[in-house]
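The values are calculated or read from the model by the stated rules, or taken from the named source; none is laboratory data. On a predicted model such as this, the values are computed, not experimentally measured, just so you know. Neighbour counts run over all protein chains shown; Cβ positions are idealised from the backbone, glycine included.
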């Protein structure tokens, strides 16, 4: 009888250890990349908030796959946080929040992450009881059910998959947002002189999964270049339509190559006493690169550099008529700006 009891104790310990081993090897356990500023909960404190709601959740290590990115920080008197799901197609924002304390932000993001891992309807697995020996009393029923300790099989179709964002309503093109902003910069005029330009734009994040970070922008441009050598002022008022097919980088810092097309009016004003004024159509193409930095959930700063090739090259005649200046075939520009992301 003593040997039988020893065997039963060893067998019971092995059965109780199986769920823990299964959880450790569970490929569905979320791996989290966690970032926080000083004074906010660290990664271990955040994982502790997931206890019981995301079994096996852990902070990412080197060479790990990343399922979620959590960012918690403090900006002055307010704290903010962001929860992102990493998918095969693109980075998807699940929740952004602002609150007075980092603790509150971490609590809300932990709850949101647990909801993202919980299917709408999940059947609770059951463990069949072990039949006792005829000469042993039935074991006492535990007050805590053992079913939640059973590891969920990887083939369970009800489990959330990070490479199937369509199953989650929160992943339907969340990056498709509008932003409004201003650009201030400088450009080279038709004869190489430098002058200022100003642009006001509306930008649309397209939210195309196959083209992460793609966007389109419509800008109203105004420029004025004074060229003392040719004794003229050259200005443009045009609209520029830009398309940026992809953004290379992350959510906070990204680089976008873009193509643009300008259409509007150009004007030339002679500075001499006998100078004449004239105007005409302005058509040009653009090639540019833009570096964007999201400093806050609703604020994006950007620096851009590019080149402009006019489709119509004007010629400028001096006062005496002996000199003819031909506009450059290509000009260059640089600008700095900011945009507010609309909710």
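The residues of the stretch 258-295 that are surrounded by 14 or more Cβ atoms within 10 Å (Cβ to Cβ) and under 25 Å from residue 81 (Cα atoms), listed by number, are 291, 292, 293, 294. Restrict the check to the stretch 41-63 and report whether at least one residue is farther than 30 Å from residue 100 by Cβ, surrounded by 19 or more Cβ atoms within 10 Å (Cβ to Cβ) and either modelled with pLDDT under 85 or touching a helix residue (DSSP H, G or I) at 6+ places or on another chain (Cβ under 6 Å) (or both). Yes, there is a match, as at least one residue in the stretch 41-63 is farther than 30 Å from residue 100 by Cβ, surrounded by 19 or more Cβ atoms within 10 Å (Cβ to Cβ) and either modelled with pLDDT under 85 or touching a helix residue (DSSP H, G or I) at 6+ places or on another chain (Cβ under 6 Å) (or both). Restricting attention to the stretch 206-231, the residues being surrounded by 15 or more Cβ atoms within 10 Å (Cβ to Cβ) and part of a strand (DSSP E or B) number 10.
Here is the figure for the stretch 57-84: residues that are under 16 Å from residue 112 (Cα atoms) and part of a loop (DSSP other than H, G, I, E, B) total 2. The listed residues are 217, 209, 240, and the only one of them that is in the same structural domain as residue 272 (by TED's automatic domain parsing) and under 16 Å from residue 300 (Cβ atoms) turns out to be 217. Of all positions in the stretch 259-268, none carries a residue that is in the same structural domain as residue 185 (by TED's automatic domain parsing), outside any strand (DSSP E or B), in contact (Cβ under 8 Å) with a residue 12 or more places away in the chain and touching a strand residue (DSSP E or B) at 6+ places or on another chain (Cβ under 8 Å).
Of the set (1) within 26 Å of residue 253 (Cβ to Cβ); (2) outside any strand (DSSP E or B); (3) free of Cβ contacts under 8 Å to residues at least 60 places away in the same chain, all apply to residue 113 but (3).
Looking only at the stretch 181-205, residues that are buried (at least 17 other Cβ atoms within 10 Å of the Cβ) and assigned to a loop (DSSP other than H, G, I, E, B) come to 4 in all.
So is residue 334 assigned to a strand (DSSP E or B), under 24 Å from residue 231 (Cα atoms) and touching a strand residue (DSSP E or B) at 6+ places or on another chain (Cβ under 6 Å) or not? Answer is no for this residue.
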